[in-house]
Every structure is written in C-alpha cells, then in structure tokens.
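Working notes for the structure below.
The values are calculated or read from the model by the stated rules, or taken from the named source; none is laboratory data. Just so you know, these numbers come straight off a predicted model, no measurement behind them. Please note: Cβ atoms are built from the backbone with ideal geometry, for glycine as well, and neighbour counts cover all protein chains shown.
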Amino acid sequence: MTTYIVTYDLHTPGKDYKDLIAYLNSFATHFHAQGSVWFIVSDLSATNLRDGCTKYMDANDKIIVNKAAAPGAWRGYSSDVDEWLKKYLL
C-alpha cells in the first residue's frame, strides 16, 4: 500500500463534483486534509489513481497525485489527525 497526496483545482463554476468526492471517499483509508487536498492509501499506481479521479473531472480541471512520504511536517490538526498522518506518512 502506498500513501498518495491528491491535490486538485476544479475550474467549472457551479458544477457539482460529488462523484469525485465519493470516489475519493471510497478508499478504505483516506483523509480529506483541506478543501482540495486528500491523502489516499491504495494499491493503485499514481497514474491509475489520477485516471480514476479524472473520470469525474472536466478537461480544464487540474490534478496532481504524488507519493507522500517522510519527511513530512504539518500544523494545526487535531490529535486524531496527527496520529493518522504519523501512521501513514512517517
């Protein structure tokens, strides 16, 4: 299993991206860190994860899927989130 950071910019005003959010939430181990930042733990390759997201995006939207790994640093999250990040990133 690999932990990925998924970030995106969605450029269609007023569009409902609920299917993209549902797709990201479908992973057993995931964390929605910020508005358009997710951590996903998966056996998929980065390319396959990107392609899975792209099914629910428009052509003018942007996405980056990258392996997340130590070292890492963060601030301002609850202790539960802090433990999740330590477990899956470090």
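Filter segment 9-54 for residues that are of a type in the set (D, E, K, R), more than 27 Å from E83 (Cβ to Cβ), at pLDDT 95 or above and exposed (fewer than 14 other Cβ atoms within 10 Å of the Cβ) and give the result.
Matches in segment 9-54: D51 only.
Return the only residue of G72, G76 being out of contact with any His (no Cβ under 9 Å at 6 or more places or on another chain) and on the phi > 0 side of the Ramachandran plot.
Of G72, G76, the one residue that is out of contact with any His (no Cβ under 9 Å at 6 or more places or on another chain) and on the phi > 0 side of the Ramachandran plot is G76.
Among the candidates V65, V81, single out the residue that is in contact with a strand residue (DSSP E or B) (Cβ under 6 Å, 6 or more places away or on another chain) and surrounded by 13 or more Cβ atoms within 10 Å (Cβ to Cβ). Full working, then the answer.
Numbers: V81 fails: in contact with a strand residue (DSSP E or B) (Cβ under 6 Å, 6 or more places away or on another chain).
From the options V65, V81, the qualifying one is V65.
Taking segment 22-48 as the region of interest, how many residues are assigned to a helix (DSSP H, G or I) and within 8 Å of the chain's Cα centre (by Cα)?
Selection size over segment 22-48: 1.
Right, L89: closer than 20 Å to T2 by Cα, surrounded by 13 or more Cβ atoms within 10 Å (Cβ to Cβ) and at pLDDT 90 or above or not?
No.
Scan segment 58-70 residue by residue and report those that are in contact with a Phe, Trp or Tyr (Cβ under 7 Å, 6 or more places away or on another chain) and over 24 Å from D82 (Cα atoms).
The answer is D61, K62, I63.
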